[in-house]
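Visitor: This is the structure I have questions about; it appears just below.
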Amino acid sequence: MRKSFSSSLILSLFVLLMCVPFLLTFVYSISTEWGKSILPTGLTLQWYEQLYADPRFIQSVVRSCLLTFGTLIAVLIIVVPSIVMISIYLPKAEKFMKPTVLMPYAIPGVVLATGLLRTYSGSPVPLTAVLSGGIFIYALPFMYQSIHNNLREVDAKTLMEASEILGASKLQAFVRLLLPNIKIGIMVGSLLTFSTFLGEFQITNMLLGGDFETIRIYMLRVMKINGHLSSAVVVTYFLLLLMISAVIVKATSRKSYKLMAGQEETTLSISEMKGSASNELLND
Amino acid sequence: MSYLTINDLSLALGGRKILHHLNLNIEKGELVTLLGPSGCGKSTLLRAITGLIPVENGRIVIDGHDVTRVSPKKREIGMVFQSYALFPNLSVFDNVAFGLKMKKLGKSMIQEKVIRSLDMMGMKEKADAYPYELSGGQQQRVALARSLVVEPKVMLLDEPLSALDAQIRQQLRTELRALQKKLGMTMIFVTHDQAEAMYISDRIYVMNQGTISQFGEPEQLYTHPDNEFVARFIGNYNVLSGKQVRSLLGETNFEAGNGSYALRPEAVRTAPGTKSIEINGTVTDVNILGNIVRYAVKAQDVILYVEQINDSPDHAGIGENKTLFVDGEDMISLGKA
């Protein structure tokens, strides 16, 4: 009993710690003024009204979503088959893949952005495409790790062999057997990519800045004008993230044949992700 | 010509030679085991037969058709893996139906064949279950049903029982052998377990370092090993040099050459026979393996392993003397020096 009490106490404290910043942000976004007093002087929805009436805000949300989803789709189409190919048919390339996909972690966003600017400014390639390419590179580690682990877990090579002997072509085996079995890995990778880059700031700001106002750049601009308004942006951003994450989870796990272990892993990474995203946002 | 013929097959993986000029002949309805230690190339040979690994040179002929350059799906081969390799996203029924769907058979035909095949493996009740809901033994039964249902010409089994518990392993191997005989299925069974190989096979090919060391019926392999490797791998033989044999048996009693000799541990007896030679030694170790007791006896500076049925009255402990009798005819010359 005592053990379960203390563990639930620690858990509650942890949940509280994670939620407090968000709750306070929410309260700030609905208060008329909360500067010189302990409690807000009054409650209002005027900041939300003002925010949603601003066409620039709506545009920034749409831009962010288009950019992230577009890149995500490109990642899924190009990266997923590549990882599968490498894992199954080129086991020797694996040892080069590990350090390669980790490189984006080693290169700070500022350096990458500067490099991209120097290379592509003045070239016919539009900078939005360059931005998308930058995010593509940054998404590699998330995708590679989650899909690679998933492939190992289901012993993809043997599954391919078994299906080929049973008369399936490589494409049939990929679509009918491999994809459904690495769905969870793809979903985790997609969610990580999506939640990380919906709020991407560094590269976007350096490459395009005010010319391509994403939700984060909009928020930064508003923050200088009004704290309540930017809190409203944060809350909206969060709800949007939660909603889209829920849709992705729902869409990909309709049939839950997978072992419990796999699902626990997924939920864990989603909550982790939300936590890290919120910290990141509130730190700026 | 045999039903399945492998002629002068060689293969290298990543620059390393795995198989060297192999020849194999398997008749229709025969169960042949490839037996050897891990790393001897037996699984690679199996994959070469399926077509999953391309061969360097040599020919593979199945039922009169040269399939050496034919893709895996057109070879009409079934395969069962050690790790079962069931498709985790499909139910038991759909796993078994997969091969038939790939052949584009009609729905009612598939239904009928799948149920019959599952019934044969005693898995009909589990048709709607998913692989993760089944035990290892049940999963392997489904995997067997999945390969049998497409009626392959040859069925390959890559250590299919090695991941199972001892009891289930024995039960399944008995069933597998009965089923194979009933269906007249041609099977190649890979294992590193000599007891399993002896139990299940019509013939055994013993493999060592990518070559065939010896092949033949289990009885023949056991009683007449051709070389030291087979003698040690198949029967825990005592392998002795000519010099050791001379000092053990005495030069006058047995005319030993310079090559090595193999002596079965159960051929060393404790009671004298008509032509037996007496050896006196000291017991250095005793292991009880259930119905068999295994002694290590030191005589004339040679350690001799002796196996006896565990009801023998002349039981000896470590350090005690033991009198043994060996018949010169039981000494098998392995030929090479």
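Visitor: For region A:1-142, what does the alpha-carbon gyration tensor say about shape, rounded, prolate or oblate, given a ≥ b ≥ c as the root eigenvalues, a/c under 1.5 as rounded, and a/b over b/c as prolate?
Guide: oblate
Visitor: Next question. What is the P(r) of region A:204-244, as percent of Cα-Cα pairs per 5 Å bin from 0?
Guide: 5, 25, 24, 20, 20, 5
Visitor: Quick check on region B:123-185: take the gyration tensor over C-alpha atoms, sort the square-rooted eigenvalues as a ≥ b ≥ c, and tell me if it's rounded (a/c under 1.5), prolate or oblate.
Guide: oblate
Visitor: What's the longest piece of chain A with no exposed trypsin sites (Lys or Arg not before Pro), counting a site as exposed if DSSP puts it in a loop and it has at most 12 other beta carbons within 10 Å?
Guide: Answer - A:37-253.
Visitor: Right, something else. Rounded to whole Hz and in sequence order, give me ³J(HN,Hα) for region B:25-33 from the Karplus expression 6.51 cos²θ - 1.76 cosθ + 1.60, θ = phi - 60°, writing x for Gly and Pro.
Guide: 10, 10, 8, 5, x, 9, 10, 10, 9
Visitor: Something else about it: Quote the FRET efficiency, to the nearest 0.05, computed for B:T284 versus B:Q167 with a Förster distance R0 of 30 Å and r equal to the Cβ-Cβ distance.
Guide: Efficiency at R0 = 30 Å is approximately 0.35.
Visitor: Sticking with this one: Amide H neighbours of A:I30 under 5 Å, counting only residues 5+ apart in sequence or on other chains, H built in-plane at 1.01 Å?
Guide: Placed amide hydrogens put nothing under 5 Å from A:I30.
Visitor: Taking θ as phi - 60°, what are the ³J(HN,Hα) couplings along region B:136-147 by the Karplus curve (6.51, -1.76, 1.60), each to the nearest whole Hz, with x for Gly and Pro?
Guide: In residue order, the calculated couplings are x, x, 5, 4, 5, 4, 5, 4, 5, 4, 5, 7 Hz.
Visitor: Per-residue Cβ counts within 10 Å, from other chains only, averaged over B:300-313: what number is that?
Guide: 0
Visitor: In sequence order, what are the phi-derived ³J(HN,Hα) couplings for region B:309-320 according to the Karplus relation 6.51 cos²θ - 1.76 cosθ + 1.60 with θ = phi - 60°, rounded to whole Hz, with x for glycine and proline?
Guide: Here the 3J(HN,Hα) series is 5, 6, 10, 5, x, 8, 6, 10, x, 4, x, 7 Hz.
Visitor: So, one more: So which of B:K28/B:K103; A:K92/B:K126; B:K103/B:K181 end up more than 28 Å apart by C-alpha?
Guide: Where the Cα-Cα span goes over 28 Å, the pairs concerned are A:K92/B:K126.
Visitor: Which order do the peptides B:170-178, B:239-247, B:266-274 come out in when sorted by mean C-beta neighbours inside 10 angstrom, highest first?
Guide: B:239-247, B:170-178, B:266-274
Visitor: Counting only other chains, and only Cβ atoms inside 10 Å, what mean value do you get across the residues of A:170-177?
Guide: Average neighbour count from other chains, rounded to a whole number: 3.
Visitor: Something else now. Of the GluC sites (Glu not before Pro) in region B:298-337, which ones lie in a loop per DSSP and count no more than 15 other C-beta atoms within 10 Å?
Guide: In loop regions of region B:298-337 (DSSP not H, G, I, E or B), the sparsely surrounded GluC sites (Glu not before Pro) are B:E320.
Visitor: Measuring from centroid to centroid over Cα atoms, what is the spacing of region A:35-109 and region B:32-97 in Å?
Guide: Between the Cα centre of region A:35-109 and that of region B:32-97, the gap is 44 Å.
Visitor: Related question: If you wrap a convex hull around the C-alpha atoms of chain B and split its volume per residue, what is the figure in Å³?
Guide: It is 170 Å³ per residue.
Visitor: Regarding the protein assembly as shown, what is the average projected area of its C-alpha convex hull, in nm²?
Guide: Averaging across all directions leaves 43.0 nm² for the Cα convex hull.
Visitor: Something else now. For chain A, what log10 I(q)/I(0) values come out of the Debye formula at q = 0.12 1/Å, with one point per alpha carbon and no solvent?
Guide: Rounded to two decimals, the profile gives -0.90.
Every number in this text was worked out from the coordinates using simple rules, so none of it is lab data. Worth saying up front: this structure is predicted, and the values here are computed from it rather than measured. FYI the Cβ positions are ideal-geometry reconstructions off the backbone, even for glycines, and counts take in every protein chain you see.
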